[in-house]
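A.B. asks: Just dropping this structure here.
Every number in this text was worked out from the coordinates using simple rules, so none of it is lab data. What you see is a predicted model; the values in this text were computed from it and never measured. All Cβ positions, glycine included, derive from the backbone under ideal geometry; neighbour counts span all protein chains shown.
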Amino acid sequence: MALLAWPSGYANAEIVDRIVANVNGEIVLLSDVRKQIAALRSFIGRPGGPAQNVSEFDALMSMVDEKIILRHAKEANIAIKDSEVDQTIEQIKSGNNIEDSALEEALKAQGMTISEYREKLKNQMVMQRVTSMEIGGVNISDDEVRSYYRRNAKDYMEPGRVRLSHIVALAKEEAPTAKAALAEAKVVAALKEVRAGADFAEKARKVSEDGAAESGGDLGWFTPGKMLPVFEETAFSMKKGEVAGPIRTQHGFHIIKLTDREEPRQKPFEEVAGKINEKLASEAFARKRNTWLEKLRAQAYVEFMY
């Protein structure tokens, strides 16, 4: 089998291209695979966004399946008209708010011509049509959705959250001892005044040393895992309105106030039923597609030289 390589004068040069698969007599080159990877990462109009981590083997398998499906579509006389491709391109341009020139420039950056793009888009549309026709729809019953909800109730819990305000005196961990002592003394004094009845927000505006001071020290809402661990450990053990500190972090010394909290709650079935239905339908369709594709693979001639 011939290999496409550097000229003979480059005896130690790396082979830049070779055949990696034969699918029903159609060859797939390594360069085709690498071009496919680039397309999968940034293909204009691709639903779900770009795929960032595509291996050469995954891309090769995708190309093999594509050739198998397209051959089946041809045998079944399933085709896409050029006018349908035109309409889809117009929708893509409209959805991305781009003109012809911008589309062509974007494709050029991917090493693709407009003709190649049209062909790839047409193939995708053919595959979608034949897949839809061969597999059909998927119906998920209300009982299936409710059963899934009951079995996976923990996945539909809102974790609860807290809202915090703080007063901080800045002193990094590597700050001189004297500076750290002054910072700690500052927040200790503020803590005493707050516990004696001083308004926390007013005190934060006067003495706190970060950007939150202007808003009375308000830091907003936090769910578990979204704040400094030492803050989280303290905050989620506090009651609404409670003040705690001083707390040492890498930034300095803080006192915190729990201004509000929301307890964990189970999301009602009605709130999540739609998403569960979509999930189950997607999984059922994928299973049916895989079964159908396995039959097509079994009927095809595929030789790998990867």
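A.B. asks: Rounding to the nearest 20 debye, state how big the charge dipole of the chain is about its Cα centre with +1 on each Lys and Arg Cβ and -1 on each Asp and Glu Cβ.
C.D. replies: Once rounded to the nearest 20, the dipole reads 840 debye.
A.B. asks: Angle between the Cα long axis of helix 56-75 and the longest principal axis of the chain, 0 to 90 degrees, nearest 10?
C.D. replies: For 56-75 against the chain, the angle is about 50 degrees.
A.B. asks: Something else: How high is the FRET efficiency from Asn290 to Phe57, r the C-beta distance, R0 30 Å, rounded to 0.05?
C.D. replies: Efficiency, rounded to the nearest 0.05: 0.95.
A.B. asks: Rounded to the nearest 10 degrees, what's the angle between the helix 269-299 long axis and the longest principal axis of the chain, both from Cα atoms, 0 to 90?
C.D. replies: 30
A.B. asks: Given labels modelled 7 Å from the Cα in the Cβ direction, how far is it in nm from Met238 to Ser282?
C.D. replies: Inter-label distance under the simple model: 3.8 nm.
A.B. asks: Also, I was wondering about something else. Using a simple spin-label model with points 7 Å from Cα along the Cα→Cβ vector, what separation in nm is obtained for Thr223 and Leu170?
C.D. replies: My value for the distance between the label points is 3.1 nm.
A.B. asks: Any chance you could give the angle, 0 to 90 degrees and rounded to 10, that helix 82-96 forms with the longest Cα principal axis of the chain?
C.D. replies: Helix 82-96 sits roughly 20 degrees off the main axis of the chain.
A.B. asks: Can you pull out the trypsin sites (Lys or Arg not before Pro) in segment 223-263 whose DSSP state is coil and whose Cβ has at most 10 other Cβ atoms within 10 Å?
C.D. replies: Lys239
A.B. asks: If you don't mind, there's one more thing I want to ask. Could you let me know the centre-to-centre spacing of segment 230-306 and segment 116-188, using Cα atoms, in angstrom?
C.D. replies: Going from one Cα centre to the other spans 5 Å.
A.B. asks: Taking the Cα-to-Cβ direction at Lys267 and at Glu99 and moving 7 Å from each Cα, how far apart do the two end points lie in nm?
C.D. replies: According to this spin-label approximation, the distance is 4.3 nm.
A.B. asks: Which of (i) 24; (ii) 35; (iii) 60 is the computed percent of Cα pairs over 31 Å apart for the structure on display?
C.D. replies: So the structure-derived entry is (iii).
A.B. asks: I've got another one for you. Give the residue from Ser237, Ala185, Leu170 lying farthest towards the positive end of the charge dipole for segment 158-263; charges sit on Cβ (+1 for Lys and Arg, -1 for Asp and Glu) and the dipole is referred to the Cα centre.
C.D. replies: Ala185
A.B. asks: Using only the Cα atoms of segment 205-306, what do you get for the radius of gyration and for Dmax, in Å?
C.D. replies: Here Rg and the maximum Cα pair distance are 26.2, 78 Å.
A.B. asks: If we count other beta carbons within 10 Å of each Cβ, what is the order of Val130, Val302, fewest first?
C.D. replies: Taking fewest neighbouring Cβ atoms as first place, the list is Val302, Val130.
A.B. asks: OK, next. Taking N as the number of residues in segment 19-135, what is its Cα Rg relative to 2.2 N^0.38 Å?
C.D. replies: Here the Cα radius of gyration is 1.09 times the empirical estimate.
A.B. asks: Rank these for me by crowding, His166, His254, going from fewest to most other beta carbons within 10 Å.
C.D. replies: His166, His254
A.B. asks: With a Cα-only, solvent-free Debye model of segment 158-263, what are the log10 I(q)/I(0) values at q = 0.12, 0.13, 0.18, 0.19 Å⁻¹?
C.D. replies: Reported log10 I(q)/I(0), two decimals: -0.37, -0.43, -0.81, -0.90.
A.B. asks: Cα-based Rg (one decimal) and Dmax (whole number) for segment 74-226, in Å?
C.D. replies: According to the Cα coordinates of segment 74-226, Rg and Dmax are 30.8, 85 Å.
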